[in-house]
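Only one structure is covered here, and it is reproduced in the block below.
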Amino acid sequence: MASPTPQAIVIGSGSGGLTVAIGLSRIGRSAILVEDHHVGGDCTNVGCIPSKSLLHHSADGTLPPAEALSQVRASRTALRDHETELVKTGTERLDFRVGRGRLLSPGRVEITAPDGSTEIVEAPNVVVATGSQPRSLEIPGLPSEMLLTNNNLFELGTAPEHLAIIGGGPIGVEMATAFRRMGSQVTLVEFLPQILTQLLPEPAAILHRSLEAMGVRIEVAAKATAFEAATGTLLVEPVDGANPVAPISSVDAVLVSVGRVPNSKDLGLEVLDVAMDKSGRIVIDAKGRTNVAGLWACGDVTDRGGTTHAAGAWGRRILRAMVSGPLPMPDVPPIPAAVFGDPEAAWIGEQPVEVPSDVRRITVETSDIDRSYTDQAGEGIVIVDVRRLTGKILGATIVGPRAGELIGTVSLSMKTDVPFHKWYGTVWPYPTYSDGLSRAVDAYIAEALPSVHKDALRWALGRAKSLIKR
């Protein structure tokens with residue numbers, strides 16, 4: 001049980017909330033963890049875990065769709081039960097409460113239990129980690145029972161005959177991959193001119209071509225305008241005068257994946273006048289603090305969330321700041337992201353389409369590395385942006401098998417400020433997909449060495465100009 005005066009009250013048991021609550025208990029502090037739904041948040045229950053489980057079973061191909069979806073739910077439930085047991089009885093000094101938390105004043109939270117009873121708890125710190133939910137999209141004529149989001153997608157009894165997906169982001173691309181593998185006809189509709197707009201055009205095009213090669217119909221610069229239930233036809237129009245789009249016929253399910261909205265309503269934030277951006281996300285500083293003393297936030301509910309691992313990273317920053325007090329914090333590290341399509345894609349940092357003059361962009365095709373031959377991996381690419389002269393890594397994109405794992409090497413190097421040229425001579429096991437990174441370093445050295453004096457002169461002239469302007 002928690003001590004009479006806990007260090008913190010944590011509202012929400014997703015990645016960020018669990019990180020703070022369990023982290024406090026492990027260093028000898030007590031905490032109250034409040035959750036009004038399932039432990040594990042969106043990721044465990046309706047996000048990362050079931051989606052990756054479905055991708056696994058669809059790639060394996062040994063189970064029929066109904067059994068694959070059943071296995072997805074079984075895996076999800078097993079992990080949820082494990083996490084629930086961990087917070088209920090497996091963690092000392094952690095007091096788990098089922099109910100909805102609402103801020104009354106700084107350090108005071110009202111918990112409303114499922115039976116309607118209420119309780120007020122107090123602590124010097126409160127952490128809001130309530131996550132997000134799918135953004136809604138109105139499609140006139142679409143019956144509610146045909147509308148899917150990630151919240152109900154994994155409850156399907158079997159794969160639809162024809163699944164239309166609105167939104168070509170990570171969720172849309174991953175689910176297009178999984179359901180096409182399971183035999184569904186899949187059509188993907190994206191409002192913008194390319195799918196996966198987080199990526200540079202060339203890597204995004206690789207995923208686009210791969211989906212089309214699987215048999216997925218993709219319509220970009222298009223929007224769904226209405227649904228004709230009698231014929232199962234989804235009407236689609238071009239955006240900004242693009243080419244006409246043929247109707248999508250015989251659709252029996254529509255998955256909407258057009259972004260997320262924060263769960264920031266009905267939390268009492270307005271009572272404390274908590275600063276939020278125009279999207280309703282809580283504004284936090286580099287320590288995870290809000291503008292209200294003692295009130296912290298992390299994850300999708302903030303303006304710095306977006307992924308499960310980002311929420312966990314911010315949870316660790318809050319934990320560190322809460323314990324260390326006024327001591328300075330290290331800079332916020334760059335946070336990678338990944339989409340687990342076929343192939344995978346992962347990226348980190350800033351990579352503008354137009355390369356600045358003081359940046360060297362290294363691009364290596366990885367379809368011809370030896371491991372790609374053994375696995376018949378197909379197209380792949382590594383793109384690394386490096387500051388001229390210093391070798392500082394500014395951003396990277398990897399497309400190919402294990403991209404989500406490989407980007408971790410780049411992430412570590414960026415966090416610890418290891419310049420790219422210091423990678424040269426690093427030995428990776430053979431044959432592995434890390435050979436793509438090795439070749440990128442080789443290409444960088446080959447390009448950078450002949451022009452090092454020119455880069456130094458360019459830097460010196462730029463520095464002189466900036467000093468003159470002062």
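Some notes on this structure:
- Bridge type composition, the range 144-258 - antiparallel percent by DSSP, nearest 5: 35 percent
- Report summary: the helix-based calculation at 222 nm, which adds -39500 (n - 2.57) for every DSSP H run with n ≥ 4 and divides by the residues of the chain, gives -10000 deg cm²/dmol.
- Gyration tensor (alpha-carbon) shape descriptor, the range 343-456, a/c threshold 1.5: prolate
- Anisotropy class assigned to the range 144-258 is oblate, per the alpha carbon gyration tensor with a/c at or over the 1.5 cut-off and a/b no larger than b/c.
- Neighbour counts of C-beta atoms inside 10 Å place Asp252, Asp42, Asp417 in the sequence Asp417, Asp252, Asp42, starting with the fewest.
- For the range 294-330 and the range 145-198, distance of Cα centres in Å: 32 Å
- In order along the range 305-317, the Karplus-derived 3J(HN,Hα) couplings, from 6.51 cos²θ - 1.76 cosθ + 1.60 at θ = phi - 60°, round to x, x, 9, 4, 6, 5, 4, x, 5, 5, x, 5, 5 Hz, and Gly and Pro are given as x.
- A simple packing score, the average count of other Cβ atoms within 10 Å per residue, orders the peptides 315-326, 228-239, 349-360 as 315-326, 228-239, 349-360, with the highest score first.
- Anisotropy class assigned to the chain is oblate, per the alpha carbon gyration tensor with a/c at or over the 1.5 cut-off and a/b no larger than b/c.
- Cβ-isolated cysteines (cut-off 4.7 Å), the chain: Cys298
- Of Lys88/Lys278; Lys223/Lys287; Lys88/Lys287; Lys287/Lys392, those spanning more than 32 Å from alpha-carbon to alpha-carbon: Lys88/Lys278; Lys223/Lys287
- DSSP-defined beta bridges in the chain - what % are antiparallel, rounded to 5: 60 percent
- Only the Cβ atoms of Lys and Arg (+1) and of Asp and Glu (-1) were treated as charged; on that basis the dipole of the chain about its Cα centre amounts to roughly 2020 debye.
- Cα centroid separation, the range 76-132 to the range 1-45: 7 Å.
- Listing Ile27, Ile111 from fewest to most neighbouring C-beta atoms within 10 Å gives Ile27, Ile111.
The numbers here are math on the coordinates, done by the rules we state, and not lab data. Note that the structure is predicted; figures quoted are calculated from it, not measured. Backbone-built Cβ (ideal geometry, glycine too); neighbour counts: all protein chains shown.
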